[in-house]
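Undergrad: Dumping the structure here so I can ask a few things about it.
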Amino acid sequence: MEKCTHSKKANRQSIVVPEDCHEVLLHACCAPCSSAIVEWLLQHGIRPTIYYYNPNIFPLEEYEIRKNESKRHAESLGIRWIDADYDHGKWLCSVRGLEQEPERGSRCQLCFRLRLLQTAREAQRLGIKYFATTLASSRWKSLDQISIAGESAAQTVSTPESPVAFWAQNWRKGGLQDRRNQLLREYNFYNQQYCGCEFSMPK
């Protein structure tokens, strides 16, 4: 498996780009979190394809709102947007027994693993070497958990004939968090108040 270890010199924005990366499959959890990342990628000559795979989101109405906002954002920029299947029941079965885990616990680790494994498979299908996730832009998420899930997904999927690599990047750096908040207002995005699954909903 190839890893994103050989990179261009980190620019002043603290984003480190793999040397041969000109295209990336970006797993997007929502439009607000992806907006500043997508803008940065486009400004630096990297073509993103948005992959919307979030079977954890509950209820269905919430899922549809977030999905439609992500699609609206991509269409406004003229970039490719892919809608993956929504199967919340399957997701529930996969995390059974972990319902009482706290945020950043083992349920979140498994959730990241499932979503990024699907993203890695889609990247390989599309012939896109690198994949990344907007989950790494959220201050509520564990970057270590996300990196572990992404690297594991890449290792599982990658072959010598069709290599896939996870671009492990802290997307909170380089002023992207502030830019995210600006774009949220500019686009008038729906801004969700919880992670997505019913176990993370405010009590």
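Undergrad: Could you run the Debye sum over the Cα atoms of region 75-138, one equal point scatterer each and no solvent, and tell me log10 of I(q)/I(0) at q = 0.13, 0.14 Å⁻¹, two decimals?
TA: Log-scaled intensity ratios, in q order: -0.47, -0.54.
Undergrad: Count the net charge of all other residues whose Cβ sits under 13 Å from the Cβ of residue 80, scoring Lys and Arg as +1 and Asp and Glu as -1.
TA: It works out to a net charge of -2.
Undergrad: Another question about this same structure. GNM, the chain, Cα, under 10 Å: largest mean-square fluctuation among 193, 124, 169?
TA: Maximum fluctuation in the GNM of the chain, among the listed residues, is at 193.
Undergrad: In cubic angstrom, how much convex hull volume per residue do the alpha carbon atoms of region 40-150 span?
TA: 116 Å³
Undergrad: Can you tell me the accessible area per residue over the chain, all protein chains present, probe 1.4 angstrom, in square angstrom?
TA: 49 Å²
Undergrad: Which FRET efficiency, nearest 0.05, do residue 64 and residue 185 yield, Cβ-Cβ r, R0 25 Å?
TA: 0.65
Undergrad: Considering only protein heavy atoms and a 1.4 Å probe, what is the carbon-and-sulfur percentage of the accessible area of the chain?
TA: Answer for the chain: carbon and sulfur cover 48 percent of the accessible area.
Undergrad: Would you check the chain for Lys pairs whose C-alpha atoms are within less than 17 Å, ignoring same-chain pairs closer than 8 in sequence, and give me the count?
TA: Value for the chain: 5.
Undergrad: Taking only the alpha carbons of region 91-187, what extent do you get along each of the three principal axes, in Å, biggest first?
TA: The principal-axis extents, from largest down, are 42, 35, 23 Å.
Undergrad: Could you sort 142, 147 by accessible area so the largest value comes first, with the probe set to 1.4 Å?
TA: Reading off the accessible areas and sorting them downward yields 147, 142.
Undergrad: Treating the beta-carbon of each Lys and Arg as +1 and of each Asp and Glu as -1, no other charges, what is the dipole magnitude of the chain about its Cα centre, to the nearest 20 debye?
TA: 500 debye
Undergrad: What is the antiparallel percent of DSSP beta bridges lying wholly in the chain, to the nearest 5?
TA: Close to 5 percent.
Undergrad: If you don't mind, another one. In debye, nearest 20, what is the charge dipole magnitude of region 115-192 about its Cα centre with +1 on Lys and Arg Cβ and -1 on Asp and Glu Cβ, if you could check?
TA: The dipole magnitude comes to about 260 debye.
Undergrad: Oh, and also: Could you grab the relative contact order for the chain? Cα pairs under 8 Å, six or more apart, rounded to a whole percent.
TA: Dividing the mean separation by the residue count of the chain yields 30 percent.
Undergrad: Moving on to the next point. Extending each Cα 7 Å along its Cβ direction at residue 84 and residue 177, get the distance between those two points in nm, one decimal.
TA: 2.6 nm
Undergrad: Which one of 108, 93, 29 has the biggest mean-square fluctuation once the chain is modelled by GNM with Cα springs under 10 Å?
TA: Per the Cα network of the chain with a 10 Å cutoff, 93 tops the list.
Undergrad: Using DSSP to call loops (not H, G, I, E or B), can you name the chymotrypsin sites (Phe, Trp or Tyr not before Pro) in region 52-160 whose Cβ has at most 15 other Cβ atoms within 10 angstrom?
TA: Hits after loop and neighbour filter: 140.
Undergrad: So what does the Cα-only Debye profile of the chain read at q = 0.16, 0.17, 0.19 Å⁻¹, as log10 I(q)/I(0), no solvent term?
TA: Taken in order of the listed q values, log10 I(q)/I(0) reads -1.05, -1.20, -1.52.
The values are calculated or read from the model by the stated rules, or taken from the named source; none is laboratory data. Everything numeric here is computed off the predicted structure, so don't read it as measured data. Methodologically, a virtual Cβ is constructed for each residue, glycine included, from the backbone with ideal geometry; neighbour enumeration extends over all protein chains shown. Remember, those area values only see protein heavy atoms, side chains included, never the ligands or the DNA or RNA. Shrake-Rupley method; radii C 1.70, N 1.55, O 1.52, S 1.80 Å.
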